[in-house]
Amino acid sequence: MNDPAAFHREAVEKLRAEVDGPAIVAASGGIDSTIAAALAQEALGERAHALFVDTGLLRQGEVDAVGGYLRASGIRYTLLPAEERFLSALDGVAEPEEKRRRIGEAFIRLFEAEADRIGTNRLVQGTIAPDWIESGGGARDTIKSHHNVGGVPKDSRLTLVEPLRDLYKDEVRQLAEHLGLPHAERQPFPGPGLAVRVAGPISRERIRIARRANAAVEEEIDAAVARGEIRRPWQYFAVLLPVRSVGVTGDNRAHGDAVTVRVVDSVDAMTATAMPLPAELLRRIAERITREQPGVVTRVLYDVTDKPPATIEWE
Ligand code: XMP
């Protein structure tokens, strides 16, 4: 994008042309959907209804953090609590594409109900180019159906409006700066949330374990960045693996879960490199994760694979 100001002007004009009544806007608190919400609000004023869904798959403290970020960005939004709907739709589901399909479906059904309530069929989303390219758009194989693409059921009566669909992540950042959105210092977080950070079958308990391990990784890395020990990585998180291993807690044998830590550098998420971390920091992360969930998580691994051949997420 050479000229963010020109993109901004045209996007607002296009939104006005595409949406003549009200519209709902899917706001996750990520940079993409926050820009889409800001553009929709500018173009449509009170006719834009931003919705932030608590899926029960969010990170520790995320409902508050996202609320704060949306408010600081000037977005008027409604919080929809929907933990039960999502967690029961996912219970026991192991296959990554099936997780995304069910999450996409749950989002759309929720949005359809809200759309009916306000009398529209327009849904504004912050889909960007890598979302649909990796979902099998163009001539590519389907790597992952990013939930905001692959998960939209064919029979949905919602018409998608996607003002950012041709942009890449670096362009999104330029645009956020141009729009004067507050700098969030937040790493990208996938729409399906912790559902794809629990590798294998989902349960409420496994989501809780993954959430806790993930919070430990985020806090330790944030602290290391604040102390100037490392650069801020592109993404850093924990994945709960479908693997049990033997450990010891005190004098007792424990057959516990394994967590892998993933820390990557990237510019646009299309490729990524696994970041080397200082040994002391790795040790601290492993110690903290296992101490906080004794006998539950008994092993911590570090993922050293680049993308390609791996992807950033495990699922
Ligand atoms: P992968 O794992 O495909 O991830 O290398 C590339 C980037 O996309 C994020 N990601 C997703 N984002 N819905 C999203 O909105 C998804 O289903 C999804 N899967 C992966 C991932 O966190 C990384 O930033």
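The values are calculated or read from the model by the stated rules, or taken from the named source; none is laboratory data. These numbers come from a predicted model, not from an experiment. As a convention, Cβ positions derive from the backbone with ideal geometry for all residues, glycine included, and neighbour counts pool all protein chains shown.
For segment 109-126, which positions are surrounded by fewer than 23 Cβ atoms within 10 Å (Cβ to Cβ), touching a strand residue (DSSP E or B) at 6+ places or on another chain (Cβ under 8 Å) and not charged (D, E, K, R)?
Answer for segment 109-126, where residues must be surrounded by fewer than 23 Cβ atoms within 10 Å (Cβ to Cβ), touching a strand residue (DSSP E or B) at 6+ places or on another chain (Cβ under 8 Å) and not charged (D, E, K, R): LEU110, PHE111, ILE118, THR120, ASN121.
In a loop (DSSP other than H, G, I, E, B), over 29 Å from VAL300 (Cα atoms) and at pLDDT below 95, is that true of ARG173?
Numbers: in a loop (DSSP other than H, G, I, E, B): no; over 29 Å from VAL300 (Cα atoms): yes; at pLDDT below 95: yes.
Considered against the rule, which asks whether it is in a loop (DSSP other than H, G, I, E, B), over 29 Å from VAL300 (Cα atoms) and at pLDDT below 95, ARG173 comes out as no.
Filter segment 268-302 for residues that are exposed (fewer than 15 other Cβ atoms within 10 Å of the Cβ) and either within 9 Å of the ligand (Cβ to nearest atom) or within 21 Å of GLY191 (Cβ to Cβ) (or both) and give the result.
Across segment 268-302, the qualifying residue is only THR271.
Just to verify a result, which residue in segment 16-32, among those that are in a loop (DSSP other than H, G, I, E, B) and away from the ligand (no atom under 15 Å from the Cβ), is surrounded by the most Cβ atoms within 10 Å (Cβ to Cβ)?
By that ranking, first place goes to VAL19.
Test of understanding: among ALA50, ALA65, ALA94, which residue is part of a helix (DSSP H, G or I) and either in contact (Cβ under 8 Å) with a residue 12 or more places away in the chain or closer than 30 Å to LEU240 by Cβ (or both)?
Result of the check over ALA50, ALA65, ALA94: ALA65.
Can you confirm whether LEU80 is within 16 Å of the ligand (Cβ to nearest atom), touching an Asp or Glu at 6+ places or on another chain (Cβ under 9 Å), at pLDDT 95 or above and among the aliphatic types (A, V, I, L, M)? Quick ask: steps written out before the conclusion?
Values: within 16 Å of the ligand (Cβ to nearest atom): no; touching an Asp or Glu at 6+ places or on another chain (Cβ under 9 Å): yes; at pLDDT 95 or above: yes; among the aliphatic types (A, V, I, L, M): yes.
No, not satisfied.
All but one of (1) modelled with pLDDT under 95; (2) of a type in the set (D, E, K, R); (3) in a helix (DSSP H, G or I) hold for ASP268, so report the exception by its number.
(3)
Scan segment 146-165 and tell me whether some residue there is out of contact with any strand residue (DSSP E or B) (no Cβ under 8 Å at 6 or more places or on another chain), modelled with pLDDT under 95, assigned to a loop (DSSP other than H, G, I, E, B) and over 21 Å from ALA27 (Cα atoms).
Yes, the conditions are met somewhere in segment 146-165.
Counting just the residues of segment 72-84 that are within 18 Å of the chain's Cα centre (by Cα) and not in a strand (DSSP E or B), which one comes out surrounded by the fewest Cβ atoms within 10 Å (Cβ to Cβ)?
Among those residues, the one meeting the criterion is GLU83.
If PRO182 meets every condition in (1) within 16 Å of the ligand (Cβ to nearest atom); (2) modelled with pLDDT under 95 apart from one, which number is that one?
Only one criterion in (1) within 16 Å of the ligand (Cβ to nearest atom); (2) modelled with pLDDT under 95 is unmet by PRO182, namely (1).
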